[in-house]
Amino acid sequence: MNKNFIIGILILLIVGLFWMMHKGDFPFKQLLYFNTFVVIATMSLIRRRLVYFLAVTLILGFGLFLIVHAFLMVQTSRYDQIDYIYVHLLFSCIIICTWILFSYSKSIGDANEKLHEQVQKLQRYTEYTNILTIPEFQEQARWALTSVRRNQTQAWLIELQIGNVDKLVQQNLQETMESIALEAIRSRFDLVTSSRNHIYILLKDTHEKGTEIVLERIKQHSRNRLNLVEHPFSASMSIIENETFLEKIGEEQL
């Protein structure tokens, strides 16, 4: 059954129950309004697993309140007791429908979050600058290091750390530096990824002099593109001998 249809039916049921509560001449109407709105607000804030226990507790608690009140009121008539039953049924229906609606909505939200995480893991390139995503960079880096060991060559890592500036400026600066890094490397041979204000460039089958040339190329491009005297980043370069460096990539996002 269509998910939107189910949600629509539940919303209509809740609205209809509220209309009955408003039009009916029931006892404890103000208390009923207050409890209902408190329940709906609370259900929207707590975890899905706790919504069920909250709903059951409130239904049983309100029923116990009505029983105690009817027991203490010696002059309670049969009609009053029937009104109490109607009030409790109405309150229970509202709570149950609200519980089902929130549980169903939160389950859809959880499923969407999981799908979004899976899409991000499967995504190979970032949206704006087309550099590699962190999972794709880590996967390709492992293959690159295997090739380097087999060919008995070297792999070097250049790490650029952009200075702390205004958030909007930093985002634009980050994207510009990512584009510059892509221009400075060998296309489809070297690897680039980023994490917050860090940019990682993996150069394979190269040496220290070649790494220095790439780094100098990045600095020159940044001068031409940004028209700044001082570079807006700090840079470091290191030879890579194993995959342990991959563990720290992405830690800045935690």
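The values are calculated or read from the model by the stated rules, or taken from the named source; none is laboratory data. This is a predicted model, so every value here is computed, not measured. Glycine also receives a Cβ, built like all others from the backbone with ideal geometry; neighbour counts cover every protein chain displayed. To get the accessible areas, we keep the full protein, side chains included, count just its heavy atoms, and leave off ligands, DNA and RNA. Shrake-Rupley method; radii C 1.70, N 1.55, O 1.52, S 1.80 Å.
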Check your understanding: Which whole-number value in Å² is the accessible area per residue of the chain, probe 1.4 Å?
Key -> 64 Å²
Practice item. Rounded to the nearest Å, what's the spacing between the alpha carbon centres of segment 50-68 and segment 84-151? Just the number, please. Key: 33 Å
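Nearest 20 debye, what's the magnitude of the dipole of the chain about its Cα centre given +1 on Lys and Arg Cβ and -1 on Asp and Glu Cβ?
So the magnitude is around 600 debye.
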Point to revise | Sparse-neighbourhood loop sites, chymotrypsin sites (Phe, Trp or Tyr not before Pro) in segment 127-212 - DSSP loop, at most 15 other Cβ within 10 angstrom | key: 128, 189
Review point. Per the Kirkwood treatment, what hydrodynamic radius in Å, one decimal, follows for the chain from the mean inverse distance over all distinct Cα pairs?
Key: 23.6 Å
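Report the charge-dipole magnitude of segment 142-194 in Debye, nearest 20, computed about the Cα centre from +1 at each Lys and Arg Cβ and -1 at each Asp and Glu Cβ. Don't jump to the answer; show the numbers that get you there.
Details: 6 positive and 6 negative charges, 92 e Å.
Dipole size: approximately 440 debye.
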Point to revise | Options 20, 103, 65, ranked by Cα towards positive dipole end of the chain, top entry (Cβ charges) | key: 20
**Study point:** the chain: DSSP helices with Cα axial extent of at least 18 Å and average Kyte-Doolittle hydropathy no lower than 0.0
**Key:** 3-23, 29-43, 48-72, 78-122
Check your understanding: What's the percent breakdown of Cα-Cα distances in segment 126-190 across 10 Å bins, shortest bin first?
Key -> 17, 45, 28, 9, 1
Revision key, fill the gap. Once 202, 101, 45 are ranked on solvent-accessible area with the largest value leading and a 1.4 Å probe, the list reads 45, 101, 202
Practice item. Measure off, as a whole percent, the carbon and sulfur share of the 1.4 Å-probe accessible area of the chain, all protein chains present. Key: 59 percent
